[in-house]
1. Trypsin sites (Lys or Arg not before Pro) within region 68-134: which are DSSP loop residues with at most 15 other Cβ atoms inside 10 Å?
2. So which residue, out of 130, 93, 12, gets the largest mean-square fluctuation from a GNM of the chain using Cα contacts under 10 Å as springs?
3. Using helices alone, what [θ] at 222 nm do you get for the chain, with -39,500 (n - 2.57) per DSSP H run of 4 or more residues, divided over all residues and rounded to the nearest 500?
4. In terms of Cα to Cα distance under 16 Å, which aspartates and glutamates are near enough to residue 76, apart from those fewer than 8 places away along the same chain?
5. Highest GNM mean-square fluctuation, the chain, Cα pairs closer than 10 Å: which of 88, 71, 138?
6. Please work out how much accessible surface residue 115 shows to a 1.4 Å probe, ignoring ligands, DNA and RNA, in Å² rounded to 10.
7. Of 9, 102, 136, whose Cα points farthest to the positive end of the dipole of the chain (charges on the beta-carbon: +1 Lys, Arg; -1 Asp, Glu; origin at the Cα centre)?
8. Over the chain, what is the relative contact order in whole percent, taking alpha-carbon pairs under 8 Å and six or more residues apart?
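The values are calculated or read from the model by the stated rules, or taken from the named source; none is laboratory data. None of these values were measured; they are calculated from a predicted model. We place every Cβ from the backbone using ideal geometry, glycine too, and count neighbours over all the protein chains shown. Ligands, DNA and RNA are stripped out before the accessible areas are found, and what is left, the full protein with its side chains, is counted by its heavy atoms. Shrake-Rupley method; radii C 1.70, N 1.55, O 1.52, S 1.80 Å.
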Amino acid sequence: RFTDENERAMFAAPAGCVYVVQSIEQAQAPPRGRYLFLDARLNPLRIEEQPGYPGRFDPRQRPWYLKARAVDGPVKTAPYLFFSNRRVGMTLAAPAAKGQAVVGADILLETLGDSLARQKVTPRSQALLANARGEIIVHEDIARLMQRAIEPQQAPNLLRLGQTGQPVLDHLQALMPA
């Protein structure tokens, strides 16, 4: 899902495009890369051949792909820097087609944060999600709470509950196991 015009421009997406599906088919030589641009109702707007894409990005080497191939079920990653848009998110992946392929979906942390921001109980309330280590992974202003990773697959530096300056979150961090 495109989150802003800069991301749309990066992919040269057509007007009305909301989603882009990036695919690489390895069954032929050379591998075939394609972008499928979809509108909000998932109607195809354009299919674009990307012959150089398989040479720049091989998902079969990514941890989410390897993990999905190794287990018989869905997997998720910790937050990391995405290859294609240089933003931080998590990948959900699962084996498909009798284990002959893996399907992955990237979810930006900022998208999850936007969803949480819409759930405010009061105008000044804040909602967040933290992992078992107390690292904040979803917040309405996640960019403010993390340092960007530089390399693909590098984990970003996520702020911990006790580093926010919010007394209630400091207290929650103190209650978490070390």
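1. Taking region 68-134 and a limit of 15 other Cβ atoms within 10 Å, the loop trypsin sites (Lys or Arg not before Pro) found are 86, 118, 120, 124, 133.
2. 12
3. -5000 deg cm²/dmol
4. Partners within reach: 106.
5. For the chain, modelled as a Gaussian network with Cα springs under 10 Å, the answer is 71.
6. 50
7. Most positive-ward Cα: 102.
8. Over the chain, the number comes to 13 percent.
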